[in-house]
Amino acid sequence: MNITVTSTIPKSTAFIDAAAEQAYRPIVKAYLGAAALYYAIMTFVHFWTINGSNLVTMATASITACGVSIFAWRALSRPLELVKRELLVGLVNLLVLANVMAAMHIEHAQENLLYFIMMVMGFAFVSVSMRQAFLSIVVVLGCLFLELVQHYPEQLVVYSFITVGAAFSTATLSYSLRRSIRAGAMARNEAEIKLEEAQNLGQKMRHLSLSDSLTGLPNRRAFFEAFNQYKKGTGSDNGSWLALLDLDGFKAVNDMYGHIMGDELLKAVAKRLQGYCGEEAHVSRTGGDEFSILLLRDGSSEDIELWLQKLLDVIGEIYEIDERLIPVSGSIGCNRIVDDTMETQTIRNADFALLHAKKHGKNRVVVFHDEHAKEAAERFQVEQALRAADFDTEINLVFQPQFDLGKNKIVRAETLARWESPVLGKIGPDQFIKIAEESGLIARITLTVVGKALRVLKSWEDPIPLSINLSSHDLISDQVIDQIVRLVSESGLNPSLIEFEVTETAMMVDLEKASTNLLQLSDIGHPVALDDFGTGYCNFNYLRSLPISKLKVDRSFMENVGDPMTEKILHSLAGIAKTLDVHCLLEGVENELELIIAKRVGPQSVQGYLFGEPMNATELYLHVEAQNIMENKGDRMSQVVGG
């Protein structure tokens, strides 16, 4: 990242000279002010000490010098060209010299020659420039020379030597002083340039730190700064709202067209957001395909919902990028910003509303209302308890048998997690599993379940094969899959004893990564089952390409067995399994009628309360042992009858 910073302060000789003149001006003005005051006083003195024509001469000279000094003093209060300043100060210098010459004409006193020495020393310092100082000193020396030649020839050498020496020394000091002032002006100019460059750099760096490099929108940090400003504004009559926008189907665009196309889509979305919101709202990009909108607008929740729905309509229009038409939509969760509510709570409420919008069809706006508050509070409590949980002690396993219709026995059991929090008590799996997935905590639960299941298998003398569910997060996490492989390897158990169940929805999060990890599990001997079959995509392409050995038909198809279509649908789903040459299991078999239907449609195995509710490891083992004992008795009876 290259950052170019330029200063608006000029860096030139003329500018530095002007700065030096500005610094030297107080000395010149002090001289002019002192001259004006001196000659004002001298005018009164002349009226008391001189009379006649001499009074007229001296009073005229002193009044003129005083008036011109005042005029020059006022003129130097504003910028003037160098030549004009030299003329003004030079005129004052001549008037000072004229007063001295007039006094010498009236009374030729030798002590008055000291005025010439004082003048050359003063003019060296108070002149606007060294050029003017040199000219003024030359004129004074010339007048002194005339006076000495005419009236004091015997003092010519002494006074000339003293005056020239004084002129040289003071001129040298004046020159050094002016150089020092000019150097100071130059240093100040450099410092001001550096300061301005630093300030400009700071502003640019702040702008970069508050901007999203891809879209140019304000970033997450800028969002929180703006959020606090909007929150402070809620004390007025205006209302403020926070809306969280998440794109629907953006990952599919990335997977299908690549990340470059995805970036271009984000830029296009950002442009539409800015175009729609304008100055009415603060828009920022806070995540991959997540945007935050701060809206300062007074109105009912219905008005805000309508405004946001129109925004979704704009976002949902087809995008044309690189001659491709790309459809994408968005979901929005919205919450009013209230002054006495913490920002984390406001954001959490908006996020909950967004989650609600995602779960109920997407491409919609959900405004957080009071009825959401209880649900959100419960969810937050569960999430916090999950984060603090010791799953090794709080998670227990139960198992539901899977019954093979052909073999007429239990051949495997599905492993189910049960959580009892020391804070909240027993929490149903439908609740805590979903929250764990949404909050990124599911991997800990999965690894805990795998570890406990392996310990159960090792505790059994004759292990019963088990199946374990994997979430979408587990499927696309190399780290989780690697840890599962390591746990199984360390257990020394045959991998075929552990079957992993996945859903179509879980695989669609990242089909390529999910396929790679499932192949890894399958290659080391783990069977793979597709859970909830029939409710998802039913895509034959990936069904053929994935190492699936079992299709588990979702229990929802058994909810209305009185409908003639139920059996036809089940026949079709079982037929798909037969076509793919994989095992078919029908879930949700709860009674004898459903078992009869199951046998007619043709799955190899079934699962449901008819063959056993979820039970602990000891109960399952005893249940299977009792089944084996009955099976052995049946075999012996058959042998006796046959004999």
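Taking 45 Å as R0, compute the FRET efficiency from the Cβ-Cβ separation of residue 560 and residue 301 and round it to 0.05. Intermediate results must be reported in sequence, preceding the final value.
Numbers: r = 38 Å, r/R0 = 0.85.
Working from the Cβ atoms, E equals 0.75.
Accessible surface of residue 362 in the full protein assembly, 1.4 angstrom probe, to the nearest 10 Å²?
The accessible area comes out at roughly 90 Å².
Of the DSSP beta bridges with both residues in the chain, give the percent that are antiparallel, rounding to the nearest 5.
65 percent
Please compare each pair in 452/568; 271/362; 358/409 to a cut-off of 31 Å on the Cα-Cα distance and tell me which ones are over it.
Correct reply: 452/568; 358/409.
If R0 is 60 Å, what FRET efficiency do you get for residue 342 and residue 78 from their C-beta distance, rounded to 0.05?
It comes out at approximately 0.55.
What does a probe at residue 616 reach in the stretch 414-432, counting residues whose amide N is under 19 Å from the point 7 Å along Cα→Cβ?
414-422, 425-429
Would you mind classifying the stretch 411-513 by shape? Square roots of the alpha carbon gyration tensor eigenvalues, ordered a ≥ b ≥ c; an a/c under 1.5 is rounded, otherwise it is prolate if a/b is larger than b/c and oblate if not.
oblate
Taking a ≥ b ≥ c as the square roots of the eigenvalues of the Cα gyration tensor of the stretch 243-340, is the shape rounded (a/c under 1.5), prolate (a/b larger than b/c) or oblate?
Cα axes put the stretch 243-340 in the prolate bin.
Report the full-extension gain for the segment residue 571 to residue 131: residue separation times 0.36 nm, less the Cα-Cα distance, to one decimal in nm.
Result for the pair: 147.2 nm of gain on full extension.
Using 1/(1 + (r/R0)^6) with R0 = 25 angstrom and r between the beta carbons of residue 48 and residue 168, what's the FRET efficiency to the nearest 0.05?
Between residue 48 and residue 168 the formula returns 0.05.
Just order 522-530, 271-279 by mean Cβ neighbour count inside 10 Å, highest at the front, would you? Working shown, then result.
Details: 522-530: 18.2, 271-279: 13.8.
My ranking of the peptides, most packed first, is 522-530, 271-279.
Taking square-rooted eigenvalues a ≥ b ≥ c of the alpha carbon gyration tensor, is the stretch 304-428 rounded, prolate or oblate, where a/c under 1.5 means rounded and, failing that, a/b exceeding b/c means prolate?
Oblate.
Between residue 549 and residue 98, 0.36 nm times their residue separation minus their Cα-Cα distance comes to what?
150.4 nm
Order of 391-403, 249-261, 313-325 by packing, highest average Cβ count within 10 Å first?
My ranking of the peptides, most packed first, is 391-403, 249-261, 313-325.
Please list 180-193, 597-610 highest first by mean number of surrounding beta-carbon atoms within 10 Å per residue.
597-610, 180-193
Would you compute, from DSSP H runs of 4+ residues alone, the mean residue ellipticity of the chain at 222 nm, taking -39500 (n - 2.57) per run and dividing by the full residue count, rounded to the nearest 500?
One gets -20500 deg cm²/dmol as the mean residue ellipticity at 222 nm.
Reported to two decimal places, what Rg/Rh ratio describes the chain when computed on Cα atoms with Rh from the Kirkwood expression?
1.41
Once amide H atoms are placed 1.01 Å from N in the peptide plane, what residues at a sequence separation of 5 or more from residue 330, or on another chain, have their amide H within under 5 Å of its amide H?
248, 363
What is the gain in length, in nm to one decimal, between residue 393 and residue 490 on full extension, counting 0.36 nm per residue of separation less the C-alpha to C-alpha distance?
Gain on stretching residue 393 to residue 490: 32.8 nm.
The values are calculated or read from the model by the stated rules, or taken from the named source; none is laboratory data. On a predicted model such as this, the values are computed, not experimentally measured, just so you know. Quick reminder, even Gly has a Cβ in these numbers, built from the backbone with ideal geometry, and neighbours come from all protein chains shown. Ligands, DNA and RNA are excluded from the accessible area calculation, which covers all protein heavy atoms including side chains. Shrake-Rupley method; radii C 1.70, N 1.55, O 1.52, S 1.80 Å.
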